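To start, the structure under review is shown below, and the notes come after it.
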Amino acid sequence: MNFKKNCFAVRAVAGTLCVLMLLSGCSKKNNEQSTTDGAETTPVSTETAVPADGIGRDVTVKEVVDNRPKVKDGYTICIDPGHGFVDGGCGDGIWEDGTLEKDVNLAVANKLKDDLTALGFSVVMTHDGTTFGKTSADDGNQIFNPSERVAYANSLDIDYYVSIHVNSYDKNPDTSGIRIYYENGNNWRKVNTNDEAIAQSIADSIETEMDPKPAPQIFDQTTASYQVVRETTVAASLIEIGFCTNPTDAANMVNDEWQTELSQAIADGLYTYYTALT
């Protein structure tokens, strides 16, 4: 065996391998650079986005944590954000950015859903602003009318139904405040539902927890008859969270902190009532 020839062959092979390794390294580096040249990569959020301040802007949802004991017995609350889709509700021309009642209702409803979930309730929404619960009462259009909402709620295994709305009264802009409507008990559909007691618990919680204290009024259906309260077979209420025709109420209802206080107070009122049953 020729030792010099063998050494030369080994060196040639080693040199070839080094060149290949260098080329491979350069190729990898160039490929890595090509993925970032000309653009800055941004992590994609996987968190759910909901309307902020009642105006439909997307925000990152913060998890609501509540360390109180969870409600027992698997109580389920159905939240109905009033109006929606092609039905904007009231508020046209009230808020400069184009906010409508449907936007405010959905923003508060989403916050209430998070608060109730944190307290151990199961929660179902009649709609999420994009799709709504379908039943045989659906007429195929994009108006989610009260009959359809009632049919959907009555098809569910729920314990309570709460509908969120905004009030208006053009004749007197001084009229303001939160109003809660419930069924008075003289309704064959309602059997041992305790609508008044639950409405009072929500009202008490709102008055106790919110600052300034809004002193909500509660009314039975002899004052105003709402189909979603009258025809649902479980205990129910419709909460008018303020008057868009009143400047102070209008400003509050699109304020994120105010919405958060209100939704937490409503959730606490339900929590107080249902934990007392167990």
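Read-outs throughout are calculated quantities, based only on the coordinates presented, and are distinct from any laboratory measurement. On a predicted model such as this, the values are computed, not experimentally measured, just so you know. So basically every Cβ, Gly included, is an ideal-geometry build from the backbone, and we count neighbours across all protein chains shown.
Sort 102-112, 146-156 for me by packing, meaning the mean count of neighbouring Cβ atoms within 10 Å per residue, highest on top. Don't jump to the answer; show the numbers that get you there.
Values: 102-112: 26.7, 146-156: 19.2.
The peptides rank, most packed first, as 102-112, 146-156.
Can you tell me how much longer the chain between Glu257 and Tyr169 gets when fully stretched, taken as 0.36 nm per residue apart minus their C-alpha distance, in nm with one decimal?
Details: separation 88, 0.36 × 88 = 31.68 nm, distance 2.47 nm.
Going from the current span to full extension adds 29.2 nm.
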Subject >> Estimated FRET transfer efficiency (Ser122, Thr233; beta-carbon r; R0 25 Å; 0.05) >> reply: 0.90
Original post:
Distance in nm between label sites at Asp73 and Gln142, each 7 Å beyond Cα in the beta-carbon direction?
Top reply: 4.2 nm
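How about segment 162-245: which chymotrypsin sites (Phe, Trp or Tyr not before Pro) there are in a DSSP loop, with at most 13 other Cβ atoms within 10 Å of their Cβ?
Values: sites: Tyr169, Tyr181, Tyr182, Trp188, Phe219, Tyr226, Phe243; in loops: Tyr169, Trp188, Tyr226.
The qualifying sites are Trp188.
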**OP:** Quote the FRET efficiency, to the nearest 0.05, computed for Ala197 versus Thr223 with a Förster distance R0 of 22 Å and r equal to the Cβ-Cβ distance.
**Re:** 0.80
